[in-house]
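Engineer: The structure under discussion is supplied below as structure tokens; questions concerning it will follow.
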Amino acid sequence: MLHAAVFHNRDIIEGDGVVILDAPAQADDGALVPITVRVPPEVKGPLKSLTIVLDKNPVPVVAQLHFGPAAGEGGERRFSTRIRVDSFSHIRAVVETADGKLHMTKGFIAAAGGCAAMNAKDPTAEAEGMGKMIVKTFPPALDTTPIWQGQVMLKHPNFSGYQINPNTGELIEARFLEKMVVKRDGELVFTLDGTPSISANPNFRFTFGRGEHNDLDVTMTDTDGTVFQAQSKPSGS
């Protein structure tokens, strides 16, 4: 069913080494599970997209990324974030390469309750300081390395719509990161379509292709239509 809904029943090649998933087999906190998707250096050429799927979540698609020309084509490409896991589930990472082929790897995470869990007792406290964003860049150790690393952190509760307000006993209305656009020197690195399966206070770390100046501009939009923007200056420049 997910195959049809997300990938329109296209053929998917599994376990061929094009994409690697690092995820804990067991997580103590289902609301804050770190994952990393890697494409090894031997995989050449640009990538079209990355889709992360958690089979048993109320919203199975965690995030979808569509890459632009500034995403880079060499070295080990990475994307890391933190997710909510509602119940024991397989997690899948699907990468689309430039030739239009889909490549998948999967793992299994033993965790539960993440979609309804809250990081604070009071939703007002969760939302305090909302919108503060930090964008960082990290140059490689060697000048010959074709990719840099970037990090984006947003203060945002990312309410899932499944959390209960302890003061009223009612569900807290969903409000989460819906869109993120990352550009390097004005050129697209990627767009991200987010869902409530991303943890509160979204944190993303990723690689991007080396450019002339390597400044990042990031725009985020949540489901209320609020826009958050921030820029970086390259570290060590």
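Engineer: Here are Gly74, Gly100, Gly17, Gly30: which of them is closer than 24 Å to Asp185 by Cα and outside any strand (DSSP E or B)?
Structural biologist: Only one candidate qualifies: Gly74.
Engineer: Still on this structure, I have one more. Can you find, within region 7-36, the residue that is most open to solvent (accessible area, probe 1.4 Å) among those that are of a type in the set (A, V, I, L, M, F, W, C) and over 28 Å from Gly75 (Cβ atoms)?
Structural biologist: Restricting to residues being of a type in the set (A, V, I, L, M, F, W, C) and over 28 Å from Gly75 (Cβ atoms), the top hit is Leu32.
Engineer: Could you look through region 192-220, keep only residues that are polar (S, T, N, Q) and surrounded by fewer than 21 Cβ atoms within 10 Å (Cβ to Cβ), and pick out the one that is nearest to Phe138 (Cα to Cα)? Even if it seems obvious, please write down each step before you answer.
Structural biologist: Within region 192-220, the subset polar (S, T, N, Q) is 195, 197, 199, 201, 203, 207, 214, 219.
With the extra rule that they be surrounded by fewer than 21 Cβ atoms within 10 Å (Cβ to Cβ), the set shrinks to 201, 203, 219.
On the way: Asn201: 21, Asn203: 15, Thr219: 19 Å.
Residue satisfying both the conditions and the ranking: Asn203.
Engineer: Restricted to region 142-191, and to residues that are in contact with a Gly (Cβ under 9 Å, 6 or more places away or on another chain), aliphatic (A, V, I, L, M) and assigned to a loop (DSSP other than H, G, I, E, B), which residue is surrounded by the most Cβ atoms within 10 Å (Cβ to Cβ)?
Structural biologist: Initially, region 142-191 is screened for residues in contact with a Gly (Cβ under 9 Å, 6 or more places away or on another chain), giving 145-148, 154-156, 158, 160, 171-180, 182-185, 187-191.
Pick out the ones that are also aliphatic (A, V, I, L, M) and you get 147, 154, 171-172, 174, 177, 180, 182, 188-189.
Within this subset, residues satisfying the condition of being assigned to a loop (DSSP other than H, G, I, E, B) are 172, 174.
Numbers: Ile172: 19, Ala174: 17.
By that ranking, first place goes to Ile172.
Engineer: Scanning for something open to solvent by 70 Å² or more (accessible area, probe 1.4 Å) and over 28 Å from Ala230 (Cα atoms), does region 119-134 turn up at least one residue?
Structural biologist: The answer is yes, given that some residue of region 119-134 is open to solvent by 70 Å² or more (accessible area, probe 1.4 Å) and over 28 Å from Ala230 (Cα atoms).
Engineer: Looking only at region 37-85, filter to residues that are of a type in the set (Val, Ile, Thr) and in contact (Cβ under 8 Å) with a residue 60 or more places away in the chain; which one of those is most open to solvent (accessible area, probe 1.4 Å)?
Structural biologist: Among those residues, the one meeting the criterion is Val59.
Engineer: While we're on this one: Hey, can you tell me all the residues within region 16-38 that are touching a His at 6+ places or on another chain (Cβ under 9 Å) and closer than 14 Å to Gly107 by Cα?
Structural biologist: Residues satisfying the conditions are Gly17, Val19.
Engineer: Criterion first (touching an Asp or Glu at 6+ places or on another chain (Cβ under 7 Å) and outside any loop (DSSP other than H, G, I, E, B)) does His66 satisfy it?
Structural biologist: The answer is no for His66.
The values are calculated or read from the model by the stated rules, or taken from the named source; none is laboratory data. This one's a predicted model, so the numbers in the text were calculated from it and none came from an experiment. Positions of Cβ are generated from backbone atoms using ideal geometry, with glycine treated the same way; all protein chains shown enter the neighbour counts. Accessible surface areas use protein heavy atoms only, side chains included; no ligands, DNA or RNA. Shrake-Rupley method; radii C 1.70, N 1.55, O 1.52, S 1.80 Å.
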